Amino acid sequence: MKQLQLFIVLLVLFLLQGTVFQVFSLRSFGYDLVASPYFILIAVLMIGFFYSKTVALYYAVVFGFLIDLVYTDVWGVYAFCITLTSYILLLIGKHFNIHIIVVLLVAIIATFLVDLEVYGIYTLLGIAKQNFIAYIHQHLVPTLILNSGFTVICFYPLRALCERLKR
């Protein structure tokens, strides 16, 4: 039952990041900016910090592949990037006292790494055509701002859920 509650929360975040934020993108408001939501990544990190690292990595693989299957043409890129980044940051995170500032910093680092990994892989495959400077200004900075805001808003509810399920 505990796993079902986490799965439902991640499924709602998956749907939110793939539908609502695609409809209400910055481009629809006339800006030449792209902010990619990585809500699954941030939720996976919080599950790893406050519930179980093993369960978090399981969800990273499952929802990473789900993102690949539903939203991209290349399978495995998001599954690999989200899982690898989560694994490394959860290993490093066990050495810190986990509170909102640490989680915010880890979320920023994770978002930066995953977005850069995906950009790098897509550039190597010839899918990403944007030069690096334009990518930083038009994509990376808005993505970091969006996901930082999500982290601050969802920190306490996700932490409370994980701690309640852990008991």
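Scan segment 79-108 for residues that are more than 17 Å from V61 (Cα to Cα), part of a helix (DSSP H, G or I) and aliphatic (A, V, I, L, M) and the total you get is 10.
Each residue in segment 137-167 was checked for being among the hydrophobic types (A, V, I, L, M, F, W, C) and surrounded by fewer than 17 Cβ atoms within 10 Å (Cβ to Cβ), and 5 pass. For segment 118-136, a tally of residues being in contact (Cβ under 8 Å) with a residue 40 or more places away in the chain, surrounded by fewer than 18 Cβ atoms within 10 Å (Cβ to Cβ) and either under 19 Å from L33 (Cα atoms) or hydroxyl-bearing (S, T, Y) (or both) returns 2.
Candidates in segment 24-42 are the residues that are part of a loop (DSSP other than H, G, I, E, B), modelled with pLDDT under 95 and among the aromatic types (F, W, Y); of these, the one that is farthest from R164 (Cα to Cα) is Y31.
Out of L45, L57, which single residue is in contact with a helix residue (DSSP H, G or I) (Cβ under 7 Å, 6 or more places away or on another chain), surrounded by 22 or more Cβ atoms within 10 Å (Cβ to Cβ), modelled with pLDDT of 95 or more and hydrophobic (A, V, I, L, M, F, W, C)? Explain how you work it out, then say what you get.
Working: L57 fails: surrounded by 22 or more Cβ atoms within 10 Å (Cβ to Cβ).
So the residue among L45, L57 that is in contact with a helix residue (DSSP H, G or I) (Cβ under 7 Å, 6 or more places away or on another chain), surrounded by 22 or more Cβ atoms within 10 Å (Cβ to Cβ), modelled with pLDDT of 95 or more and hydrophobic (A, V, I, L, M, F, W, C) is L45.
One residue alone among D68, D115 is in contact with a His (Cβ under 9 Å, 6 or more places away or on another chain), in a helix (DSSP H, G or I) and either at pLDDT 95 or above or within 27 Å of L4 (Cβ to Cβ) (or both), and that residue is D115.
Take I92 and tell me if it is modelled with pLDDT under 95 and surrounded by 15 or more Cβ atoms within 10 Å (Cβ to Cβ).
On the way: modelled with pLDDT under 95: yes; surrounded by 15 or more Cβ atoms within 10 Å (Cβ to Cβ): no.
Against the criterion (modelled with pLDDT under 95 and surrounded by 15 or more Cβ atoms within 10 Å (Cβ to Cβ)), I92 does not qualify.
Scanning segment 77-121 for residues that are within 14 Å of M46 (Cβ to Cβ), of a type in the set (S, T, Y) and more than 12 Å from the chain's Cα centre (by Cα) yields a total of 0.
Taking the stated definitions as given, is I82 modelled with pLDDT of 95 or more and closer than 14 Å to V114 by Cβ? Criteria met by I82.
The values are calculated or read from the model by the stated rules, or taken from the named source; none is laboratory data. On a predicted model such as this, the values are computed, not experimentally measured, just so you know. Cβ coordinates were reconstructed from backbone atoms using ideal geometry, including for glycine residues, and neighbour counts include every protein chain displayed.
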